[in-house]
Amino acid sequence: MPSLLSFIYNGIKQTNRYKIMEKSLTYILWFSRITVGLLFIFSGLIKANDTVGFGYKLDEYFDVFGMPFLKTFSWSLSALICVLEIFLGFAVITGYQFIKSVWLLLLLIIFFTFLTGYSAIFDKVTDCGCFGDAIPLTPWQSFYKDIYLLVFILIMFFNRSKVQIMGTFASPLTWAATLLSVIFTWYTWQHLPVVDFRAYKPGTDLQACTTKFIEAEGKIRCKDYTPFKFACEEDEFEGNTLMVIMYDMETADLEGVRKSVALAQSLAGTDIKVMGGTGSGSDARERIANETGIQYCLSPQDMTMLKTMIRSNPGFILLKSGKVQQMWHYNDIPDAAEVQASLNK
């Protein structure tokens, strides 16, 4: 009789232990899904907010790995990665096509861990661009972040058959989020970032950018800006200035350049001067200036700096006493009245 009672007791004990383990695994799986899902959604949204900037970051990786021919596809790959991250983020949370999604996540994180590890060890790319300009990460921080994600993804991968699906909501919620991410990515490519995290965003004092300017919290706001006044007779820090930024005149939208000429003509006689900056050489500057009728001064500048200043080619930056007031993409070129109105905001 005692042995029978002992057997029953041990059976109940083992059953309770199994239930506790199953319950703990369920919690761990949900924590892993939510953690990985939210991080991928956040990462995708941050990059989708600035697809052009993320494309520049991909160019750096292509140069590092000796694949410059892939630069032709930088924006397409940038957009694809943004949308894919958001899709996978929602998929792992909702459970939609979970087995396929977790396989893809595992392959992606292994690839990203290799990239960030290589960059950290050999110091090739100083910022992975994982969270854009919103949260700059050092190479080692990027690598540790990927290791952290890899642990949670492996937990999901080895328990993929036990994942619960959010019923009929999984599919429509995941695909609706994916569709919105496609629209958002396209919008930011055709215009400027919706939320600007860059160093030259509105409110920046460009005069302070002529040297490294350290904010109170110790971050570099902007660095090594070369004043346009060094090449032009006018000073962009005095009065009101509309800057036309063309980091590469060879690839600039020529219709946008012609519109900049018309805008400069309409601002003639006002208190707003127009100054241009480009990273192109003298031959390209002269040829395209003649082709489009540019009359305003073109200041030779560092191409990388101009790419950082605005995600548009050409792009338009309005200064008031050296401080950035407003920016426009070439798809949103303002008229003279709008430029004047922006000075009073």
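The values are calculated or read from the model by the stated rules, or taken from the named source; none is laboratory data. As the structure is a prediction and not an experimental result, all values here were calculated from the model. Glycine gets a Cβ as well: all are built from the backbone with ideal geometry, and neighbour counts include every protein chain shown.
The set of residues in segment 264-288 that are closer than 14 Å to Met246 by Cβ, assigned to a helix (DSSP H, G or I) and in contact (Cβ under 8 Å) with a residue 24 or more places away in the chain comprises Ala264, Ala284, Arg285, Ile288. Of the residues making up segment 142-159, at least one is in a loop (DSSP other than H, G, I, E, B), farther than 30 Å from Thr308 by Cα and either touching a Ser or Thr at 6+ places or on another chain (Cβ under 7 Å) or not hydrophobic (A, V, I, L, M, F, W, C) (or both).
Inside segment 252-293, residues that are surrounded by 21 or more Cβ atoms within 10 Å (Cβ to Cβ), among the hydroxyl-bearing types (Ser, Thr, Tyr) and out of contact with any helix residue (DSSP H, G or I) (no Cβ under 7 Å at 6 or more places or on another chain) make up a count of 2.
Does segment 222-241 include one or more residues that are aliphatic (A, V, I, L, M), buried (at least 22 other Cβ atoms within 10 Å of the Cβ) and not assigned by TED's automatic domain parsing to the domain that holds Trp186?
Scanning segment 222-241 turns up no residue that is aliphatic (A, V, I, L, M), buried (at least 22 other Cβ atoms within 10 Å of the Cβ) and not assigned by TED's automatic domain parsing to the domain that holds Trp186.
Scanning segment 59-78 for residues that are of a type in the set (A, V, I, L, M, F, W, C), in contact (Cβ under 8 Å) with a residue 12 or more places away in the chain and closer than 18 Å to Asn313 by Cα returns a single hit, Trp75. Considering segment 294-345, and only residues there that are among the charged types (D, E, K, R) and farther than 27 Å from Gly281 by Cβ, the residue that is surrounded by the fewest Cβ atoms within 10 Å (Cβ to Cβ) turns out to be Lys345.
If we scan segment 286-294, do we find a residue that is within 20 Å of Gln326 (Cα to Cα), assigned by TED's automatic domain parsing to the domain that holds Ile333 and of a type outside the set (Val, Ile, Thr)?
no
Picking from residues in segment 45-82 that are surrounded by fewer than 24 Cβ atoms within 10 Å (Cβ to Cβ) and of a type in the set (Val, Ile, Thr), the one that is nearest to Pro172 (Cα to Cα) is Ile81. Per the listing Arg311, Arg285, the residue uniquely out of contact with any strand residue (DSSP E or B) (no Cβ under 6 Å at 6 or more places or on another chain) and of a type outside the set (S, T, N, Q) is Arg311.
Inspection of segment 32-54 finds no residue satisfying the criterion of being under 21 Å from Asp146 (Cα atoms), without any contact (Cβ under 8 Å) to a residue 12 or more places away in the chain, assigned to a helix (DSSP H, G or I) and in the same structural domain as Ala134 (by TED's automatic domain parsing). Taking residues in segment 148-177 that are under 19 Å from Phe40 (Cα atoms), and partners anywhere that are of a type in the set (A, V, I, L, M) and not in a helix (DSSP H, G or I), the pairs with Cβ atoms closer than 9 Å and at least 6 places apart or on different chains are Met156/Val163; Leu173/Met166.
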